[in-house]
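Take a look at the structure set out below.
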């Protein structure tokens with residue numbers, strides 16, 4: 001076991017110093033997935049934002065949408081805007097088997113969460129079993145595993161389930177997204193009095209995270225935060 005661990009460390013050391021193509025531009029870079037130029041060009045989420053949904057507001061106040069229809073989550077934290085070229089990396093992890101990006105995303109999200117309150121438990125956005133069989137892995141769960149390790153937080157991989165295989169949300173207007181995802185989740189774990197963070201790769205309208213937050217509330221969660229690698233603005 002000790003010899004195997006030493007060999008793995010040695011292999012990782014060597015690989016980290018062998019130049020590899022940048023995932024975005026193809027330039028050779030050692031010990032990183034992106035070259036410094038491409039990483040600098042990524043659309044970081046910055047500026048005054050609604051503390052509830054993370055959409056831009058002039059002074060960082062709660063936006064009109066969250067005032068009119070408060071979501072079931074209390075706050076949103078994200079590292080990036082979902083825009084070019086970050087979107088290509090998300091799609092590569094989600095559909096292209098780029099699992100090395102899960103740790104990269106976890107590291108960037110951990111940086112964005114540096115001053116955020118720590119929850120009692122991280123819950124990844126669940127996939128329906130049919131989708132999980134088709135894709136082979138849940139990208140939100142892969143990011144959540146690595147983020148939980150980085151932040152030294154408990155992880156509830158199987159605490160919540162997707163019980164209904166709704167049609168893809170892409171292209172649907174907001175009202176249809178809410179209707180489409182309604183009743184799609186169930187939390188089996190008793191969350192009474194616990195503070196939970198729901199993790200997804202991308203937060204678009206927030207409808208899926210809102211519905212998962214409702215399931216967490218039904219299971220007793222006292223506070224619910226939405227964490228995402230990227231936020232669509």
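The values are calculated or read from the model by the stated rules, or taken from the named source; none is laboratory data. Keep in mind it's a predicted model, so treat the numbers as computed, not measured. Neighbour counts are summed over all protein chains in view; Cβ atoms, including those assigned to glycine, are modelled from backbone coordinates with ideal geometry.
Report, by residue number, each residue of the stretch 116-126 that is closer than 23 Å to residue 86 by Cα and either in a helix (DSSP H, G or I) or over 14 Å from the mean Cα position of the chain (by Cα) (or both).
Of everything in the stretch 116-126, just one residue is closer than 23 Å to residue 86 by Cα and either in a helix (DSSP H, G or I) or over 14 Å from the mean Cα position of the chain (by Cα) (or both), namely 116.
Please find, within the stretch 193-233, the residue that is modelled with the highest pLDDT out of those that are surrounded by 24 or more Cβ atoms within 10 Å (Cβ to Cβ) and assigned to a loop (DSSP other than H, G, I, E, B).
Going through the qualifying residues, I end up with 221.
Answer yes or no as to whether residue 133 is surrounded by 15 or more Cβ atoms within 10 Å (Cβ to Cβ) and in a helix (DSSP H, G or I).
No, not satisfied.
For residue 160, which of the numbered conditions (1) touching a strand residue (DSSP E or B) at 6+ places or on another chain (Cβ under 6 Å); (2) modelled with pLDDT under 95 fails to hold?
Unmet for residue 160, out of (1) touching a strand residue (DSSP E or B) at 6+ places or on another chain (Cβ under 6 Å); (2) modelled with pLDDT under 95: (2).
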